[in-house]
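The values are calculated or read from the model by the stated rules, or taken from the named source; none is laboratory data. What you are looking at is a predicted structure, and each value in this text was computed from that prediction instead of being measured. Every residue, glycine among them, receives a Cβ derived from its backbone with ideal geometry; neighbour counts consider all protein chains shown.
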Amino acid sequence: MKDDLIPFLTWAGGKRWLVTKHPELFPLEFNTYLEPFLGSGAVFFALNPERAILNDLNAELINTYETIKNDYLRVENYLNIHHKRHSKEYYYKIRNSRTRTPYTKAAKFIYLNRTCFNGLYRVNKLGQFNVPIGSKKNVILETDNFKLVSKVLQNVEFSVSDFETIVNRANPDDFLFIDPPYTINHNENGFIKYNEKIFSWQDQERLAKSLVRARDRGVKILATNANHESVKSLYLDLDFNCTVLKRFSGIASDGSKRAKYEELIIKANY
């Protein structure tokens, strides 16, 4: 695994902790890498595969990756402008603005991601980003290396599709990494209730069935999910190998409520 490729985005439920602390979970050899729920791409950047298909339903997220792949300097130049002008007033001005080009959209996306509360991505019923400003001031980071990011993205195919379309494209000895929104059956947690709107329990069941088909085709699979009895039973009943890991969650407005949570690790074919 590469340790010099750090994700340039912050994402709720990001898996940098997983690739850093548990590299043994990932296959040493595979053909094409496929990730239907991309987010910050922590696993992709750590593995740095030769071929990859990266997907997310968030079209603005995928646009950000594609523009960095195609012309990272243009994105970087616009991001520098945001860096110089950043303030509370400027943040809300940009948050409420409409951008015209793919490159200005990408720079806006990165700017808001880095300066909003906890790097959350949340939209209202009209699809408008509505996360308030956070405490971080830096728009340009010491870890930024958009030139290198652009280089490793050159052999990547991007997609904005339903996850099942991507899972169905996986062939024998390809590697599927699956990190869906953590929706569970009959849960009243506010964040998971928000996820329920974008990823329902029916989607969880549909995902599991699509992974059964991929497993039967000989695809290597590593999936993460909520360690909840409903999810665990779903995958154990389908004969997947399931283990539990603990992770630290930093997403809470009250620091005293930030604690360790358990995650379900689901594997097949390696």
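Worth a mention:
- Matching residues, region 91-120, being at pLDDT below 95 and either part of a helix (DSSP H, G or I) or under 16 Å from residue 58 (Cβ atoms) (or both): 99, 117, 118, 119, 120
- Given (1) out of contact with any strand residue (DSSP E or B) (no Cβ under 9 Å at 6 or more places or on another chain); (2) in contact (Cβ under 8 Å) with a residue 40 or more places away in the chain; (3) crowded, with 20+ Cβ neighbours inside 10 Å, index of the condition residue 12 fails: (3)
- Count of residues meeting criterion [within 13 Å of the chain's Cα centre (by Cα), of a type in the set (A, V, I, L, M, F, W, C) and closer than 15 Å to residue 7 by Cα] in region 53-72: 3
- Residue check for residue 50: more than 13 Å from the chain's Cα centre (by Cα) and part of a loop (DSSP other than H, G, I, E, B): yes
- A count restricted to region 67-83 and to residues that are among the acidic types (Asp, Glu) and closer than 20 Å to residue 157 by Cβ stands at 1.
- Looking at region 165-270, the strands (runs of 3 or more DSSP E) lying wholly inside it that each contain 1 or more residues that are of a type in the set (Phe, Trp, Tyr) and modelled with pLDDT under 95 sit at 241-248, 260-268.
- Taken over region 220-246, the criterion of being free of Cβ contacts under 8 Å to residues at least 40 places away in the same chain and either within 18 Å of residue 203 (Cβ to Cβ) or not assigned by TED's automatic domain parsing to the domain that holds residue 172 (or both) is satisfied by 232, 233, 234, 235, 237, 238, 240.
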